[in-house]
Amino acid sequence: MDNTHIKIQGGVPLNGQIEVFGEKNSVAKIMVASLLSDKPSILRNICHVVDTELMTNVIRAVGGEAEEIEERVIRIENKDIHNMDEKTLQEVVGKSRVPILLCGPLLARTGEAIIPALGGDIIGNRPVDLHLTALKKMGAKIEEKASGIYLKAKKLHGRPIRLDYPSVGATEQILMAAVLAEGITQLSNAAIEPQIMDLVVTLRQMGADIIFEPERTFIINGVNSLSGYDHTAIPDRLEIASWACVALGTNGKISVTDARAEHMRSFLDKFEAAGGAFTIKDHGMEFWRGEDVITPTHVETDVSPGFATDWQPPFAVVLTQANGQSIVHETVYESRFGYVEALNKMGADITLEKRCRGMLCRFNDEYYHTAIINGPTPLHGAEIEVPDIRAGFSYIVGALMAQGTTTVTNSQILNRGYEKFTEKLQNLGAQLL
Ligand code: EPU
């Protein structure tokens, strides 16, 4: 086994306890928020995944200091910042989606922002039009080139902004642009994922004036300057749900330290509907299969507080073993079923449809965004290649449930979302060859 593939002998229940740390999609953004201030910030409970390392390098490349001063505690200080030089910019190109969020801090502190061409999983087109429309409305001059996005603004101005869709990234973008803008920004139809609330708590600790109103609305009254923060990132609800799926799929029992039920209510409802069981403890949760069989389930992904799209692939794999037909309707990304072909190769019976099943979504009749899963179908080993983080974890769940040996190639992609996942698998009793 090298770091580009993993071989799993399936059919063994996984049991034991694992630790989960800060959510990857929260840690990297809160690191960006530190750039809004010239005062030091402390971020605790960081995860060691690619985006954390990348943002550490980006902060250093724009003139800041970032250092892990003790285990999982990073100190960041950005006294004087500037844009990245061309060489560093090229190193960051295509590696992550997080750099798009540098717009607000770099514009506020330097008057211009150069954003490298973005990376991230290929699970849809993933445009950034909502980000750029909002920044333009706030007064930024924007030029898009093949190498990246170039923005200029002496000062951003608060404006009423209504998002056409409650995008997580666009909400984070506008929050970080508005906190130091002149005047009031009323942001409506905003995303309210736990990671957004984590960012808002942090920004408020820095001295931002942000009020949360009903109906997905934030009122942000720009201030002149912000101080640093001392914040503990929320645990990774996406990773926790992935391990819960392992427990349900392999008929094992897995405890996850620091798991918080309040961040994953809609996952837990579907987990129980499919036959999963859990207990909530003082410092975590425990997951297992509570019924003899897995029950077919209808799942629709949605923005928070709905069933998160990142929970979908590992959960869908478990449904291949349900006693009947399950339906998974993906409404966040137009092509998040890139993993289905590989599962069918392993023996699953999944077909994709263009029509919506349940609520009508913006992908109706245009994209294959609904999966019909007929179960139970025994899975057998195969050689399969990871296309993206969550699909990759779904292959791991499939391999653990299958009879025989599965070789998962391109498995290094999993390191982007799952810290030390092979070590965790081994600790839970997985048979890695
Ligand atoms: N969208 C637009 N225009 C925009 C922005 C988004 O059309 O300007 C669309 C996207 O194409 C997509 C939908 O809106 O169809 C949702 O995108 P969103 O902006 O909410 O997602 P994101 O900020 O790009 C983050 C996470 C994703 C997670 C989504 C949804 C990070 C780095 N990524 O992406 O995480 O799936 O929110 O919760 O925070 C993962 O962890 O594996 C992952 C993909």
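Looking across ILE389, ILE396, ILE384, one residue alone is within 16 Å of the ligand (Cβ to nearest atom) and either more than 19 Å from ALA247 (Cβ to Cβ) or open to solvent by 30 Å² or more (accessible area, probe 1.4 Å) (or both). It is ILE389.
Look at (1) in contact with a strand residue (DSSP E or B) (Cβ under 8 Å, 6 or more places away or on another chain); (2) within 20 Å of PRO194 (Cα to Cα) and you find that HIS298 fails only one, number (2).
Hey, can you tell me all the residues within the range 281-292 that are over 23 Å from the mean Cα position of the chain (by Cα) and modelled with pLDDT of 95 or more?
Let us first name the residues in the range 281-292 that are over 23 Å from the mean Cα position of the chain (by Cα), namely 281-282, 288-292.
TRP288, ARG289, GLY290 - these are the residues of the range 281-292 that are over 23 Å from the mean Cα position of the chain (by Cα) and modelled with pLDDT of 95 or more.
Sub-7 Å Cβ pairs linking a first residue in the range 164-191 that is free of Cβ contacts under 8 Å to residues at least 40 places away in the same chain to a second residue that is basic (Lys, Arg), at least 6 apart or interchain, are SER188/ARG162; SER188/ARG216; ASN189/ARG162; ASN189/ARG216; ALA190/ARG216, ordered by first then second residue. The strands (runs of 3 or more DSSP E) found wholly in the range 325-433 and carrying at least 1 residues that are under 23 Å from the mean Cα position of the chain (by Cα) occupy 325-329, 370-374, 383-385, 405-409.
Checking the structure you have, find out if any residue of the range 193-204 is assigned by TED's automatic domain parsing to the domain that holds LYS79 and over 30 Å from GLU19 (Cβ atoms).
First, pick out the residues of the range 193-204 that are assigned by TED's automatic domain parsing to the domain that holds LYS79: 193-204.
Still in the list and also over 30 Å from GLU19 (Cβ atoms): none.
Within the range 193-204 (the criterion being assigned by TED's automatic domain parsing to the domain that holds LYS79 and over 30 Å from GLU19 (Cβ atoms)), the answer is no, since none of the residues qualifies.
Hey, does the range 242-252 have a residue that's over 20 Å from ASP310 (Cβ atoms) and under 22 Å from the mean Cα position of the chain (by Cα)?
The first filter runs over the range 242-252 and keeps only residues over 20 Å from ASP310 (Cβ atoms), leaving 250-252.
From the residues that got through so far, the ones that are under 22 Å from the mean Cα position of the chain (by Cα) too are none.
Looking for residues that are over 20 Å from ASP310 (Cβ atoms) and under 22 Å from the mean Cα position of the chain (by Cα), one finds none in the range 242-252, hence no.
Is at least one residue of the range 175-185 open to solvent by 10 Å² or more (accessible area, probe 1.4 Å) and at pLDDT below 95?
No: the range 175-185 contains no residue that is open to solvent by 10 Å² or more (accessible area, probe 1.4 Å) and at pLDDT below 95.
Here is a check on your reading of the model: is THR232 surrounded by fewer than 22 Cβ atoms within 10 Å (Cβ to Cβ), modelled with pLDDT of 95 or more and under 22 Å from ASP310 (Cβ atoms)? Can you show your working first?
Details: surrounded by fewer than 22 Cβ atoms within 10 Å (Cβ to Cβ): yes; modelled with pLDDT of 95 or more: yes; under 22 Å from ASP310 (Cβ atoms): yes.
In short, yes.
In summary, VAL317 fulfils each of the numbered conditions (1) touching a Leu at 6+ places or on another chain (Cβ under 8 Å); (2) of a type in the set (A, V, I, L, M); (3) away from the ligand (no atom under 16 Å from the Cβ) with the single exception of condition (3).
Taking the range 332-354 as the range and being open to solvent by 10 Å² or more (accessible area, probe 1.4 Å), within 16 Å of the ligand (Cβ to nearest atom) and either outside the structural domain of HIS380 (by TED's automatic domain parsing) or among the hydroxyl-bearing types (Ser, Thr, Tyr) (or both) as the test, the residues that pass are TYR333, SER335. Under the condition of being open to solvent by 50 Å² or more (accessible area, probe 1.4 Å) and not charged (D, E, K, R), which residue from the range 126-149 is nearest to the ligand (Cβ to nearest atom)? Result: PRO127.
The values are calculated or read from the model by the stated rules, or taken from the named source; none is laboratory data. A quick note: this is a predicted structure, and the numbers were derived from the prediction, not measured. Heads up, the Cβs are rebuilt from the backbone with ideal geometry, glycines too, and the neighbour counts pull from every protein chain shown. Ligands, DNA and RNA are stripped out before the accessible areas are found, and what is left, the full protein with its side chains, is counted by its heavy atoms. Shrake-Rupley method; radii C 1.70, N 1.55, O 1.52, S 1.80 Å.
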